[in-house]
Amino acid sequence: MPHRQSTFLRSIALVTLRAQPMAATEFMELALDQAKLALDNLEVPVGCVIVENGKVISSGSNKTNATRNATRHAEMEAIDVLLREWQSIGLDQALVAEKFAGCDLYVTCEPCIMCASALSILGIREVYFGCVNDKFGGCGSVMSLHKSSSSDDLTGSQDTRPRGFKCTRGIMAEEAVALFRNFYEQGNPNAPKPHRPVRVDQQLLVHIIDGHLLKGR
């Protein structure tokens, strides 16, 4: 794990040195680094970064097993880092909303319904994701929460209705799926133990993964 973390920090350093904006694939590579951190920690391998003005300002990886909290998805981890930081320097709700409106999220897997709803309420500008989440996806696969919007101006109000966000899919999807394949092939040690041995059909497993039926999300 220390090696993964140092690699990610070096990547962040390179981001800050660039004079020109990074391509979406470069930001997604940083999100994939976070997903690999999750995999190393026996978590479902999903990672993300949040970008403002061409610079990564927050990152997150799944921590549902470590925290024993099913809501601690990568997106929620990254969001909470920013909320704590911005609130600690005295930003009120209106200023926090203004900050999120200038941010983009890069995440390796389509945000689930919970995360997509949170992103819509926060008013993030755009979400870029890798593979789809056919079981729980909130950005088109199951629900289209990114299309939800309120016609009201939320600035300065206590309104928490969704604002919606732009969404781009399929960025480095194969790399994201490969991490899921590694996770499911090695087995999830945190999954409930069956009462009797269960034979796994390897061809079915590959079909499930390649079909992006990501049951862990």
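The values are calculated or read from the model by the stated rules, or taken from the named source; none is laboratory data. Given the structure is predicted, the values throughout are model-derived calculations rather than measurements. Heads up, the Cβs are rebuilt from the backbone with ideal geometry, glycines too, and the neighbour counts pull from every protein chain shown. Keep in mind that these areas ignore ligands, DNA and RNA; they rest on the heavy atoms of the full protein, side chains included. Shrake-Rupley method; radii C 1.70, N 1.55, O 1.52, S 1.80 Å.
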Does A94 satisfy the criteria of being aliphatic (A, V, I, L, M) and under 24 Å from C131 (Cβ atoms)?
no
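For (1) of a type in the set (A, V, I, L, M); (2) within 14 Å of V127 (Cα to Cα), each residue gets a yes or a no:
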| position | (1), (2) |
| --- | --- |
| E29 | no, no |
| D33 | no, no |
| L42 | yes, no |
| V49 | yes, yes |
Inspect all residues belonging to segment 53-71 and state whether any of them is crowded, with 24+ Cβ neighbours inside 10 Å and either over 16 Å from V127 (Cβ atoms) or touching a residue at least 40 places away in the same chain (Cβ under 8 Å) (or both).
yes
Filter segment 84-97 for residues that are open to solvent by 40 Å² or more (accessible area, probe 1.4 Å), in a helix (DSSP H, G or I) and hydrophobic (A, V, I, L, M, F, W, C) and give the result.
L95
Quick one: which strands (runs of 3 or more DSSP E) lie wholly within segment 98-217 and hold at least 3 residues that are open to solvent by 50 Å² or more (accessible area, probe 1.4 Å) and modelled with pLDDT of 95 or more?
none
